[in-house]
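No value in this document is a laboratory result; all are computed from the given coordinates. All figures in this text were calculated on a predicted structure; none of them were measured in a lab. So basically every Cβ, Gly included, is an ideal-geometry build from the backbone, and we count neighbours across all protein chains shown.
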Amino acid sequence: MFSHRLALAGLKGTEGIVAERAEITLKTVVYQIAGMDGVTVRRDLEYGARGLRMDIYYPPDSKKPAPAVVIVAGFPDPGFEKFAGCKFKDQGSTVSWARLMAASGIAAIAYTNVDPVADVHAVIESLRRNAAALGIDGEKIGVWACSGSVPLALWVVMRERVKCAALCYGFTMDLDGSTEVAEGVKQWRFANPAAGQGIGIDALPKDVPLMMVRAGADQFAGLNQAMDWFAAAALRANLPVSLVNLPAAPHAFDLVDDGEESREAIRRVLGFLKFHLVD
């Protein structure tokens, strides 16, 4: 997990912190669009009561409050940095997705965290409370997540007034006695706040569109099984869910699979976010 299985062999460090970045954290999204170089970034803005920081990537030449997408971090930064050599907000995946979103007309928010559950709520609260000063439309906030951050993004959908959620190759939630997500948590230590809460598919709002991108060749045990059950349950409940399936794609296809199917899936994610937040 940790944004695809980290290639840590050969990294040097002391006190459990790697001295170099893991190779996967240097990879960027395999798709680019015009305007990415013109994105404005306000870095290390303080949010919450603990002095944590967020970066906001703004659309080029933005002259009005921008809709926003929070890039959800489901892993605590102290653990993430220990294994990856950087904070979640500074890895290539986060930065390049943020630039793609900003170039598409959507402010993107990446942030540091200690407690993934509490801190993502603090980020959204700060965006809404300080919307005018931050140049954000506090009524148009969506979330994006991938991999082990998806369970936390689903929790945000249940608990916050977000407009939409794009979820890529991620664990979802255990339904009807299944344990695939719980097993993933044991191994990868991502946040899963819905666990043990007796929460089912009916806890999801019926008016928040979800987009799920499935990597058909995902190598993480139980991930696609949990996603398949979740998608089926969402359809039975008639939730506004759409599914993009890439049969041959691996986990983190957006970083490691530079093919037209991957690029088309990324375009569709950006189009989904634009439709529900911009258009």
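Evaluate Rg over Rh across the chain, taking Cα atoms for both radii and Kirkwood's formula for Rh. Present the calculation step by step, with values, prior to reporting the outcome.
Working: Rg = 17.4 Å, Rh = 18.7 Å.
Expressed as Rg/Rh, it is 0.93.
In nm, to one decimal, how far is the Lys63 label point from the Arg21 one, both placed 7 Å along Cα→Cβ?
Computed distance between label sites Lys63 and Arg21 equals 3.5 nm.
Compare the Cα positions of Val117, Met36, Pro59 along the charge dipole of the chain (+1 at Cβ of Lys, Arg; -1 at Cβ of Asp, Glu; about the Cα centre) and return the one farthest towards the positive end.
Pro59
Summing +1 for each Lys or Arg and -1 for each Asp or Glu, what net charge is found among the other residues whose Cβ lies under 14 Å from the Cβ of Asp202?
Working: positive: Lys206, Arg236; negative: Asp176, Asp207.
Taking every other residue near Asp202 into account, the sum is 0.
Where q = 0.15, 0.23 Å⁻¹, what log10 of I(q)/I(0) comes from the Debye formula for the range 231-272, counting one point per Cα?
Normalising to I(0) and taking log10 leaves -0.45, -0.81.
Suppose R0 equals 45 Å; then what is the FRET efficiency for Arg50 and Ala248 from their Cβ-Cβ distance, rounded to the nearest 0.05?
On the way: r = 43 Å, r/R0 = 0.95.
Calculated transfer efficiency: 0.55.
At 0.36 nm per residue, minus the direct Cα-Cα distance, what do Gln197 and Thr40 gain on full extension? Give it in nm, one decimal, please.
Values: separation 157, 0.36 × 157 = 56.52 nm, distance 4.03 nm.
Answer, rounded to one decimal: 52.5 nm.
For the chain, with a Gaussian network of springs between Cα atoms less than 10 Å apart, report the residue from Arg236, Arg42, Arg268 with the top mean-square fluctuation.
Arg236
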